[in-house]
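One structure is given below, encoded as structure tokens.
Just so it is clear, none of the values below were taken in a lab; they were calculated from the coordinates. Note that the structure is predicted; figures quoted are calculated from it, not measured. So basically every Cβ, Gly included, is an ideal-geometry build from the backbone, and we count neighbours across all protein chains shown.
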Amino acid sequence: MTGDLLNPTPPIPLQERPLWVTWFAHPFANWFWFYFGFVAALSGSNMGYPSLGPIVMFGWLTGHLVNSRHPWGELKLFVASLILGYFGDGLITWLGVLRFRETTPWTWMVPFWMAMMWPNFAATLNSSMKWLRGRYMTGAILGAISGPFSYYGGVKWGAVKFGIEYDFWPAMTIIGFEWLFAMPALLWLSARWVPQEA
């Protein structure tokens, strides 16, 4: 028993895994589920069903963990990204940059579907977005540019609004600064907790 714990069975190579496993593990499937969770969250909020997004994302993230080679590291990354999202988006919500359809107990809080967007995205960092691993400057620039436009997608969808005190570019700039620092932080946590595959 001790020998088994010290020398665990090596993971089965991806190409030898059953189809139902690779359906979650393949980078294209990973990106599909990320985008599906994103759309479910925005649509659910817009239609008055804010729990729809978290249910979809919880389901696919569970499948991701079950089929991951390093589920404990991925789970830690999900929890850390959820906390980071709560406080990062909470700060810009408190500043009045974002306004949500749902009411929350405190002005700085964001709806749970919004916070779940962060682990939804973090699940791509070791699959469809693994090419960013170790490229912190590239990640920072990409986050500062693409992050705000993801939020603007939510605005166009009707799930969130920019605060009345902020025009388009001031709001996008503040969100860009948030992701300028958040993206390298997520990449660093991912590299720390999820070993790189050969």
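Once the Cα-Cα distance is subtracted from the 0.36 nm per residue extended length, the Phe32 to Trp131 segment shows a gain of 33.9 nm.
Note that the stretch 51-61 has calculated 3J(HN,Hα) couplings of 7, 4, x, x, 5, 4, 5, 4, x, 6, 5 Hz, one per residue in order, obtained from phi through the Karplus relation 6.51 cos²θ - 1.76 cosθ + 1.60 (θ = phi - 60°); glycine and proline are x.
Annotation: lysines with alpha-carbon distance below 25 angstrom to Lys76 (same-chain offsets under eight excluded): Lys130.
Once the C-beta distance of Phe58 and Ile164 is scaled by a Förster radius of 35 Å, the resulting FRET efficiency is 0.60 to the nearest 0.05. Listed values for the stretch 160-166 are Karplus-derived 3J(HN,Hα) couplings in whole Hz (6.51 cos²θ - 1.76 cosθ + 1.60, θ = phi - 60°), namely 8, 10, 7, x, 5, 7, 10, and x replaces Gly and Pro. Applying the Karplus relation 6.51 cos²θ - 1.76 cosθ + 1.60 with θ = phi - 60° to the stretch 72-81 yields 3J(HN,Hα) values of 5, x, 5, 4, 4, 5, 5, 5, 5, 5 Hz, where x marks Gly and Pro. Inter-label distance, Leu142 to Leu65: 2.5 nm, where each label sits 7 Å from its Cα along the C-beta direction. Take the Cα of Ser150, go 7 Å toward its beta carbon, and the backbone nitrogen atoms of the stretch 50-70 under 20 Å from that spot belong to 50-65. The alpha-carbon positions of the stretch 16-193 define a convex hull whose volume is 106 Å³ per residue.
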